[in-house]
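Take a look at the structure below.
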Amino acid sequence: MTIASRTLWNALAALWIIAGSTACFAQADPASEPAVLAVAKVMPAVVNINTERVVRRTVRDPFEDFYAQFFGYNRIRPREIRQTLQSLGSGFIIDPAGYIVTNQHVVERAADLKIHVTTNDGKTYNAHYIAGDDKTDLAFIKIDAQTAFPFINLDNISPNLLGETVIVVGNAVGYGSSISRGVLSAAKRTITVDDVEYKDLVQTDAAINPGNSGGPVIDLSGRLVGIASAKMAFTPQGVPTQGLGFAIPAEVVRNSVDRFKKVALKQGKLKNQAAGVDSSISRVEKFFGMQLQDLSQELSDALGYLRGRGVLITAVEPDSPADNAGIERGMVIYRVDKTDVSSVRQVEQLLQSAGSGASVEFTVGLIRAGGQNQQPAPVSLMAR
């Protein structure tokens with residue numbers, strides 16, 4: 001090899017090393033890490049839950065028991081005292097109108113129950129209990145506010161594969177916006193807590209601490225793996241354990257939420273309050289099987305959607321005209337027939353004359369502020 005060719009070879013090798021180093025540095029940018037992006041995606045929908053309940057119990061003075069036993073009478077009647085019990089937990093919003101899923105043991109119903117929800121932006125709201133299930137340890141509550149909230153989509157859940165990276169998000173030991181990371185280490189686990197058996201749980205070695213109960217466990221795409229529910233510190237035989245946390249699978253959560261929504265509909269509580277429209281009687285749902293939500297500035301920013309355009313589709317009824325046309329939750333309606341729309345009320349007004357059998361053209365797609373768009377396209381739906 002001549003000196004010239006050796007010099008050229010060394011120069012090319014140096015350039016290759018520099019290019020490789022630059023690529024490594026670029027890949028090492030923390031802002032582009034999948035875990036960072038996943039947490040940023042779901043964190044706006046995660047809430048801290050503080051419950052307060054008043055219990056009443058009867059107490060006696062021990063001296064009264066003594067008098068009753070040896071002298072056969074009571075000088076003073078037993079007293080009833082009221083005791084306030086507080087508990088902390090986590091939850092997450094599953095609908096823009098402020099519906100939240102959490103653990104039943106976090107918001108267990110009791111006399112004079114008060115529920116306070118603090119969102120990730122530091123705002124605190126009152127909430128009310130809608131439904132719950134002791135067998136699955138899941139509960140459904142709602143924020144008492146007429147505003148739009150970022151939410152975690154239950155339509156696209158994690159496949160829950162052994163070994164996949166998972167992240168626990170929640171209110172660990174009272175600290176908001178806390179996370180821990182691990183892997184999904186087992187599935188179909190059965191545990192017993194206070195003589196109650198919970199089946200088909202997923203297991204993780206990500207740390208689950210007091211206060212995490214009810215919070216989401218997500219994968220690196222930000223999809224729901226499950227709801228953090230319990231950890232095992234000791235085996236039934238008293239042997240210490242490490243890295244054994246359990247979550248209610250996302251599929252069970254989704255099915256339970258569907259049941260809770262039916263309960264809420266029967267109670268007349270399931271309303272799209274953020275838009276001021278009763279979802280049970282809206283024309284767009286009645287005729288086409290879609291539930292809609294205004295895209296506020298806050299919600300648009302949280303979801304990464306372009307501001308000031310369109311109406312968000314928050315739910316699609318199975319086997320409805322919208323479902324059969326391939327329309328999915330999370331898409332945006334930009335136009336009804338030839339009119340651009342930006343509010344649910346506007347859509348309802350445009351559909352006032354629509355009746356069964358009418359054909360309406362919806363322009364549906366997804367325009368994100370940062371790209372990755374799904375080009376809006378017209379879809380003709382026939383009202384049922």
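Read-outs: derived from the displayed coordinates by stated rules, not from any lab. On a predicted model such as this, the values are computed, not experimentally measured, just so you know. With ideal geometry, Cβ positions are generated from the backbone for all residues, glycine too; neighbour counts draw on all protein chains shown.
Gain on full extension, evaluated as 0.36 nm per residue between Lys123 and Val173 minus their Cα-Cα distance, stands at 16.1 nm. Taking label positions 7 Å along the Cα-Cβ direction at both Asp323 and Ser343, the computed distance is 3.1 nm, reported to one decimal.
Can you give the FRET efficiency to the nearest 0.05 for Ser359 and Arg254, using r as the Cβ-Cβ distance and R₀ = 41 Å?
Values: r = 32 Å, r/R0 = 0.79.
In this case the efficiency is close to 0.80.
Whole-Hz Karplus values for the range 127-137 come out as 9, 10, 7, 10, 7, x, 9, 5, 5, 9, 6 Hz, taken residue by residue from phi with 6.51 cos²θ - 1.76 cosθ + 1.60 and θ = phi - 60°; glycine and proline positions read x. Of the chymotrypsin sites (Phe, Trp or Tyr not before Pro) found in the range 135-211, those that fall in a DSSP loop while having at most 13 other beta-carbon atoms within 10 Å are Tyr175. When the scattering of the range 126-171 is computed by the Debye formula from its Cα atoms alone, each counted once and equally, what is log10 I(q)/I(0) at q = 0.16, 0.34 Å⁻¹? Reported log10 I(q)/I(0), two decimals: -0.77, -1.13.
Note: relative contact order over the range 89-205, using C-alpha pairs below 8 Å and six or more positions apart, is 22 percent.
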